[in-house]
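J.: Mind looking over this structure? Questions follow.
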């Protein structure tokens, strides 16, 4: 039986299991293969091109001007057909790298102006649903037409910007789309005394104010105080999942006021002193945290990524961890509990969480846990 005599639904299933480069090779074999295989190839485009990053590639994956110019010409060939197939575009960390750095001697070199030809492609790709850009502020500052193109897209549902700063937030405030899922990794600036995320000014800068009704999932890495800085009174009622990472501390009270209807919560950093008991989150179904949280209502599935480390942690700090963990278990009463292997943890569970029906052991204490505790409490062990 010839491949293209199969039902179109069967062919779509087969092509969904083929990587994009193989789909592109298939599209070159015959006229029957071209429309369906090209659609698979263009559905999710990633730069640097994955097949140029493999060890067997004959060409370098480094960026060069002709690459993006040729991509623009290819996408506009044959009318708008190819542009309609583009659903996802990723510009990864090395998408605009023109020279790799040597280890510990010289950093990589980037030319972000190479992104300019992509502005026309993005503006014309009206069916684009997902866009992911690494070093986004650097890209937008070097290719401002890209900002206008992304802002004009009508149907973006998922956005991922790493290396985000003032320029990225300005773009988000202008978007015509109403995305459901946003992931931001904000630029962090450091000196010997402080960490900050940018020159944001309340009133002049806004943070996702225009997606309060559409946003359902937010991942925020770095700049965990940006909501307090820019949007202290704003509420995102549709957000069901919140991930908080890469920050010294997080004010969960401010987060609970901004996102009152959460179902899933991921927290990597401890709550700040400003955080009191959290009584707003009554519908939490899953919580993953690296530190005890002052939650006040039941949580069906709880994942605790810490251990008590009794012989390393000084007695007052250890008692504080045990007490806050006990309170968390007593209030949340999880049915499914994941935690690290530790006798003190088991004892704490037995005393405070008789609700547990499924217990998952995710690991034993490691030197990494000890290093984290040492850094957190600034102790010598």
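What follows is calculated from the coordinates using simple rules that are stated; it is not laboratory data. In this text, all values refer to a predicted model and were calculated from it rather than measured experimentally. In this analysis, Cβ positions are derived from the backbone assuming ideal geometry, glycine residues included, and neighbour counts consider all displayed protein chains.
J.: With a 10 Å Cβ neighbour count serving as the proxy for reagent exposure, in which order, fewest first, do 253, 168 appear?
T.: The most exposed by this proxy come first: 253, 168.
J.: Using R₀ = 22 Å, calculate the FRET efficiency as 1/(1 + (r/R₀)^6) where r is the Cβ-Cβ separation of residue 84 and residue 29; round to 0.05.
T.: E between residue 84 and residue 29, to the nearest 0.05, is 0.45.
J.: Something else about it: Roughly what % antiparallel, to the nearest 5, for the DSSP beta bridges in segment 63-208?
T.: 25 percent
J.: Using the number of other C-beta atoms within 10 angstrom as an exposure proxy, rank 288, 339 with the fewest first.
T.: Sorted ascending by nearby Cβ count, the order is 288, 339.
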